[in-house]
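> Below is the structure I would like to discuss, written out as structure tokens.
The values are calculated or read from the model by the stated rules, or taken from the named source; none is laboratory data. None of the values given here were measured: they were computed from a predicted structure. Note that each Cβ is placed from the backbone with ideal geometry, even for glycine, and that neighbours are counted across all protein chains shown. Surface areas here come from the heavy atoms of the whole protein model, side chains and all, with no ligands, DNA or RNA. Shrake-Rupley method; radii C 1.70, N 1.55, O 1.52, S 1.80 Å.
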Amino acid sequence: MAHRIAFIGFGGVGQGLADIILDQGKELKEKEGLDLQKVFETIHSTGALNEYPESPGLIKGLDSLQTIKQTNADTIVEVTFTDVRTGQPAIDHCKAAFQSGKNVVTTNKGPIALAYRGLSKLAEEKGVFFGFEGTVMSGTPALRMPLTALAGNEITEIRGIFNGTSNYMLTRMEEGSSFDGALKEAQDNGFAEADPTNDIEGYDVRYKVVILANYVMGLQIMVEDVSCKGISHLTAQDMDAAKLNGERWKLIGTIKKENGNVKACVGPERIPLTDPLASITGAINAVTYTCNLAGPITLAGAGAGLKETGFSLLIDLIHFHRAKKAVTT
Ligand code: HSE
């Protein structure tokens, strides 16, 4: 069955998904719309899609909201730049899609961290799908895995390493790099956000903590409820002191339910080497779910990367199709 998708934004993550569809997909292959090979040729030769050759049915010049409302696509792939303070324009993109009866898959943290309840309610009212697996740990199923494979447990705590840049920097600092040198390497490797303040001051993790708390644990917390400290004050001496004590610094995001209260925080912690999170080095992310029945379960994997984040959009689309098929068969 054909599934028409419209990309709103076509930076690295959008190209990551298009690349997967192009390479991978006999059964994923789209039957109509843009010629993806030509899309890549245009992007690589001109840096933008405006120069895509004129062809029958092609409409150019619409802004993003007009495109969302007027396209004949079933699903909007929302991969625009995330303004994490306002969540815009991605929040308005999601609303416009739902209001016009279209599904949304996105990797944008802003709308989910800032407006999840309202958006998911609207999607439900309109009977459309809202997928956002890639907002936490890219294609590593940090959101869907606990809700599906761990269903039936009460998850009392979620604790993890949710930022690849800062984890990479801490690993390199332990090995003797300076803070600035380690940051430069993370930027050169493409892990860091456009403004690395989000990575090193913990703001990126704070958004992921809110998403996990509200979506996986069913809580209702806001960004301001999460205390937040980054790693910019840590020095080579701090690394050495931890090492001497058989410990390691990690930037940890935590949500913990205790006696009816919820504690949510982000901050650097010195953790013992026996903690499963201590062995997570470089740009890898990991999360431990403390379950009342299954005990602690740790999931580790990529937290960023174009192909990995592109995959998160694909798995949302596949999940949507499977769920739809299950309802209609
Ligand atoms: N800059 C983020 C990181 C990308 O380093 O983990 C994924 O949110």
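> Rolling a 1.4 Å sphere over the protein heavy atoms, what is the accessible area per residue of the chain, to the nearest Å²? Walk me through the numbers before you get to the answer.
Working: 15880 Å² over 329 residues.
For the chain, the per-residue accessible area is 48 Å².
> While we're looking at this one, here's another question. Would you mind checking the tilt of helix 36-46 against the longest principal axis of the Cα atoms of the chain, expressed as 0 to 90 degrees and rounded to 10?
Helix 36-46 sits at roughly 70 degrees to that axis.
> With a ≥ b ≥ c taken as the square roots of the eigenvalues of the C-alpha gyration tensor of the range 144-302, please select rounded if a/c is under 1.5 and otherwise prolate if a/b is larger than b/c or oblate if it is not?
It is prolate, given that a/c is not under 1.5 and a/b is the larger ratio.
> Can you give the angle from 0 to 90° between the axis of helix 306-328 and the longest principal axis of the chain, with both taken from C-alpha atoms, to the nearest 10?
60 degrees
> To continue, here is another question. Assuming R0 = 41 Å, can you tell me the calculated FRET efficiency for the pair I318 and L244, based on Cβ-Cβ distance, to the nearest 0.05? Each step should come with its number before you reach the end.
Numbers: r = 48 Å, r/R0 = 1.17.
E between I318 and L244, to the nearest 0.05, is 0.30.
> For the range 34-90, just say rounded, prolate or oblate: build the C-alpha gyration tensor, square-root its eigenvalues into a ≥ b ≥ c, call rounded for a/c under 1.5, and beyond that prolate if a/b exceeds b/c, oblate if not.
It comes out oblate by the Cα gyration axes.
> Please give the helix 179-188 orientation as an angle from the longest Cα principal axis of the chain, in degrees from 0 to 90, rounded to the nearest 10.
Here the helix axis deviates by roughly 20 degrees.
> Right, another one. From the C-alpha gyration tensor of the range 1-152, pull out the three semi-axes of the equivalent ellipsoid (sqrt of 5λ each), sorted largest to smallest, in whole Å.
Equivalent-ellipsoid dimensions as semi-axes: 26, 18, 16 Å.
> How about K257: which aspartates and glutamates have a C-alpha closer than 17 Å to its C-alpha, ignoring those fewer than 8 places off in the same chain?
Cα-Cα hits under 17 Å: E154, E157, D225.
> What number do you get for the chain when its Cα radius of gyration is normalised by 2.2 N^0.38 Å, N = residues?
Numbers: Rg = 20.6 Å, N = 329, 2.2 N^0.38 = 19.9 Å.
With N residues counted in the chain, Rg over 2.2 N^0.38 Å equals 1.03.
> Let me ask something else about it. From the square roots a ≥ b ≥ c of the eigenvalues of the alpha-carbon gyration tensor of the range 156-205, which class results: rounded (a/c under 1.5), prolate (a/b over b/c), or oblate?
Verdict is oblate for the range 156-205.
> Right, here's the next one. Over 24 Å between C-alpha atoms is what I'm after, so list which of K60/K102; K60/K324; K126/K256; K38/K208; K102/K256; K38/K307 land there.
Working: K60/K102 20 Å; K60/K324 32 Å; K126/K256 33 Å; K38/K208 35 Å; K102/K256 35 Å; K38/K307 19 Å.
Where the Cα-Cα span goes over 24 Å, the pairs concerned are K60/K324; K126/K256; K38/K208; K102/K256.
> Out of the range 183-215, which GluC sites (Glu not before Pro) are coil in DSSP terms and have no more than 16 other C-beta atoms within 10 Å?
Working: sites: E185, E193, E201; in loops: E193, E201.
For GluC sites (Glu not before Pro) across the range 183-215 that sit outside H, G, I, E and B with at most 16 neighbouring Cβ atoms in 10 Å, the list is empty.
> Charges only on Cβ, +1 for Lys and Arg, -1 for Asp and Glu: so what's the dipole of the chain about the Cα centre, in debye to the nearest 20?
Dipole of the chain, to the nearest 20 debye: 1000 debye.
> Let me ask you something else. Leaving ligands, DNA and RNA out of it, report the carbon-plus-sulfur percent of the accessible area of the chain at a 1.4 Å probe.
Working: 8100 of 15880 Å².
Roughly 51 percent of what the probe reaches on the chain is carbon or sulfur.
> Just to make sure I understand: if all protein chains stay in place, what is the order of F132, F81 by accessible area at 1.4 Å, largest first?
F81, F132
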